[in-house]
Amino acid sequence: VSEKIKVMLIDDEVLILECLRIFLEDEGFEVFAFTNAEDALIKISSLTPSTCITDMGLEGLDGNEFIVRAHPESRNTRFMIHTGAFFELTEELRALGMTPEDIIIKPVMDFEVFTDRIRAHAAGGCVNNVT
Amino acid sequence: MNQTTSQLKSSITSKITLLLVICLFSIISFGTVFSYLVQKSELFDERNSHAEDAITRLAFTMSSPLWNFDLEQLDKLAQAEMKGEGSLAVLLWTADDRLLLEKVQDKQLVGKWTSPAKSNTIDRREFHLVTSEIRRGQQLLGTLMIVYGDNHINAALGNLLKHEVIKAFFLLATTGVVLYLGLSRILLKRLNEVCLTAVEFANGKLSRRIKVSENDELGILSNTYNQMADRISDKINQLESAYDEVKQLQGVLDDIINSMPSVIIVVNQQLEVLLCNNSAEKLMEAAALNARGKNITLLLPQFSVTLLQLFNGLDKKGSYQSEKVTIRINNVQSNYLVQIFPMSSEAYRQAVVRIDDITEHARLEEIMIQNEKMTMVGGLAAGMAHEINNPLAAMLQNTQNIERRLSAGLAANRTVAEESGINLDSVAIYLDKRGIPGFLTQIREAGSRIAKIISTMLRFTNKTESGRQTVELSNLIEQIIELAANDYEMKKDYNFNKITIIREFDSYVPPVQVTVSEIEHVLFNILKNAAQSMSSTKEDRHPQILIRIRKEGGMSVIDIEDNGQGMRVDIQRKIFEPFYSTREVGEGTGLGLSIAYAIITNNYNGKIEVESVAGKRTCFTISIPSIGSNL
């Protein structure tokens with residue numbers, strides 16, 4: 001049995017966090033769910049998820065700052081943004097190799113958009129800026 | 001002018017010279033006549049005394065020859081006497097009055113003389129006669145007479161006169177010349193300078209002054225004249241600068257009132273036009289000169305009622321009056337603000353009428369209100385989107401989770417079903433029979449409709465400029481026509497493919513800087529509107545959309561005109577309002593055009609306008625600042 005692909009989820013909205021976790025677990029991923037970015041930042045270096053899906057408007061440490069700080073901790077992790085409001089990539093995030101492809105606007109009709117990308121990244125292996 | 005002065009000069013010179021010469025001539029004439037008369041009387045006196053001497057002497061010398069009766073000697077003596085100056089005849093009578101001797105100069109004078117005792121036949125005035133008796137002791141021997149003429153005296157006097165006249169002539173000539181030259185030097189040259197200066201000054205050469213060289217009367221006159229000229233030229237300069245100032249002020253006033261777009265008319269109490277500006281001329285369709293003095297209500301019949309009302313109010317209250325009027329000319333409605341300002345000076349009782357076309361202002365006000373609405377909706381949408389999206393996402397995604405956990409496809413489902421002692425296939429049959437998958441689909445569809453509205457509303461707030469690119473409008477339009485042609489809804493509901501698209505693209509229209517998806521949204525919504533409008537026209541008119549691209553000032557402009565059913569004016573006003581839709585509820589969000597409006601006006605500082613004739617056509621005009629323009 002091959003090792004499960006590890007996915008980290010951050011969303012302060014428990015409803016969203018839970019249904020996405022259930023979906024991804026059903027899809028066979030190993031999911032680590034967090035309701036705040038601070039905890040996730042502490043754990044990311046040890047968990048080294050393949051993909052990290054984070055909300056933007058978080059209490060405390062926000063999504064943008066989290067990605068900037070988390071990226072050096074886990075260089076192979078692909079970061080995706082799952083946000084409720086329109087969001088444009090900041091310069092810092094572009095510098096990390098993120099593209100508009102990595103932004104998913106809520107509500108998502110079909111969670112397949114996540115699974116496809118997570119699998120593609122895991123198959124590609126290492127780098128963040130695979131388009 | 002030189003002619004005048006030279007005439008003047010010659011005139012004064014000749015006058016003075018003539019006067020002096022006449023004066024001198026009179027003195028000389030008087031003197032000459034006086035000296036002539038004196039000379040004449042002296043000459044006569046001299047001749048007379050000479051005659052007395054001569055006859056006395058001759059009578060003495062003749063006495064002895066007469067005694068002796070020596071005729072020869074007497075003749076000799078008489079002959080000698082005849083040689084004397086002026087003596088014309090020598091006559092000698094004996095004591096018995098017998099003519100003894102007659103010696104005459106001129107034969108005409110022979111026999112004309114009688115003895116002094118008798119009267120002479122000759123006019124004695126012409127001659128001077130002297131007589132003397134010749135005696136020997138007491139005895140009378142005879143009578144002697146010598147006749148003298150005046151000729152030699154007259155000749156001498158004639159000579160004298162000739163000399164005097166010649167002398168007088170030279171004297172007069174010399175005096176005349178000297179006077180003329182002297183006066184010219186001393187007086188006339190300087191007078192001429194005064195004269196010339198005055199003439200030049202009068203001709204406008206205000207800096208001209210008299211050169212003063214001597215301190216005599218003419219010098220004082222010149223100085224006084226110069227002072228006067230200084231004062232006059234000062235006054236003239238002051239007047240000129242005042243005049244210039246007045247002219248400049250007039251120009252400024254004209255510029256001020258003409259530079260204003262407002263119609264400005266000054267009227268008197270009889271409402272007659274006193275002054276008006278260019279805008280007023282245009283509105284009155286009359287030149288200012290023609291308008292002057294005419295009644296304002298006749299010149300502006302369209303405003304006559306309003307003006308009369310306002311002027312009545314002015315009479316009662318005496319203060320500023322204004323009213324807004326709407327005037328419709330040739331089906332074009334214009335709004336005007338008519339204001340009357342009474343002039344403060346009581347004496348004139350004038351008033352300024354100001355008329356402004358506030359159509360554009362009213363339109364802008366409407367646009368501003370519209371923009372405010374948009375901003376409000378945008379803010380509301382952004383807040384709402386955030387709040388709604390999370391629960392909506394949970395709802396939709398959990399629906400998906402339910403569907404997935406009911407399906408037989410997932411391995412985990414089967415394991416749990418077995419543990420629970422149920423068969424997933426029979427569960428599926430049950431669910432199908434109860435219509436559960438249909439309900440779930442309905443939940444998802446309803447949810448996705450909400451999601452669509454929310455995402456559309458979010459466009460209101462998108463003001464970011466990244467993602468903008470330089471685009472040629474013609475390319476953009478071709479893309480959107482293709483997009484519309486391939487759109488399912490457009491094909492199915494509106495027969496988009498049957499619509500004829502006419503392109504009128506100007507040869508050069510500057511590109512614009514836009515986010516393509518936004519302009520796509522705008523143009524797509526307008527095309528959709530057009531297609532919808534034409535699909536519901538009942539007439540058998542061939543549906544057609546005219547797309548025009550043109551340049552207008554710093555704007556690149558797109559016109560999209562359809563020949564559909566058009567809109568009434570009241571609808572035209574509302575179409576850009578959020579949630580206003582002419583379609584059935586559920587068919588359209590009512591946001592398409594309002595977002596288009598927000599995108600064009602807020603994001604690009606452009607303009608989007610609609611013009612429509614109900615039952616005939618609708619034209620949307622979108623203006624976006626061209627690249628390179630400073631707007």
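The values are calculated or read from the model by the stated rules, or taken from the named source; none is laboratory data. Small disclaimer: the values here were computed from a predicted structure and weren't measured. Backbone-built Cβ (ideal geometry, glycine too); neighbour counts: all protein chains shown. Heads up: the accessible areas ignore ligands, DNA and RNA and are worked out on the full protein's heavy atoms, side chains in. Shrake-Rupley method; radii C 1.70, N 1.55, O 1.52, S 1.80 Å.
Computed values, structure above
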item	result
Translational diffusion coefficient (Stokes-Einstein; Kirkwood radius from C-alpha pairs) of the stretch B:363-420 at 37 °C, 0.692 mPa s, in µm²/s	217 µm²/s
Proportion of all alpha-carbon pairs of chain B beyond 40 Å (%)	70 percent
Residues listed by number, the stretch B:148-169, amide nitrogen under 13 Å from residue B:56 label point at 7 Å toward C-beta	none
B:541, B:209, reordered so the largest accessible area comes first (probe 1.4 Å)	B:541, B:209
In Å², nearest 10: area of residue B:41 left accessible to a 1.4 Å probe	60 Å²
Two-site FRET efficiency, residue B:439 against residue A:62, from Cβ-Cβ distance with R₀ of 35 Å, rounded to 0.05	0.40
Kirkwood Rh, angstrom, the stretch B:486-597 [1 / mean 1/r, Cα pairs]	15.3 Å
Helical segments meeting 30 Å axial Cα length and Kyte-Doolittle 0.5 threshold in chain B (DSSP H)	B:151-183, B:436-458
Sequence of B:456, B:375 when ordered by accessible area, the most exposed leading, probe 1.4 angstrom	B:375, B:456
Gyration tensor verdict on the stretch B:116-252 (Cα atoms; rounded if a/c is under 1.5, prolate if a/b is larger than b/c, oblate otherwise)	prolate
Chain B: relative contact order in percent, alpha carbon pairs under 8 Å with at least 6 residues between	7 percent
Reachable lysines, given that their alpha-carbon falls under 28 Å from the alpha-carbon of residue B:189 and they are not under 8 places away in the same chain	B:9, B:15, B:205, B:211
At most 14 other Cβ within 10 Å, DSSP loop - GluC sites (Glu not before Pro), the stretch B:244-323	B:285
Area of residue B:487 that stays accessible when all protein chains are in place (1.4 Å probe, Å², to 10)	40 Å²
Two-site FRET efficiency, residue B:214 against residue B:163, from Cβ-Cβ distance with R₀ of 41 Å, rounded to 0.05	0.45
For residues of B:374-385, the mean tally of beta carbons on other chains within 10 Å	1
Gyration tensor (alpha-carbon) shape descriptor, the stretch B:412-512, a/c threshold 1.5	prolate
Fully extended contour minus Cα-Cα distance, from residue B:82 to residue B:605, at 0.36 nm per residue	173.4 nm
Hypothetical label at residue B:221: residues of the stretch B:164-206 whose amide nitrogen lies under 18 Å (7 Å Cα-Cβ projection)	B:180-202
Residue B:582 accessible area, 1.4 Å probe, all protein chains in place, Å² to nearest 10	90 Å²
Computed E for residue B:230/residue B:18 - FRET, C-beta separation, R0 45 angstrom, nearest 0.05	0.75
Global geometry of chain A, whether rounded, prolate or oblate, following the gyration tensor of its Cα atoms and the 1.5 cut on a/c	rounded
Å³ per residue enclosed by the Cα convex hull of the protein assembly as shown	437 Å³
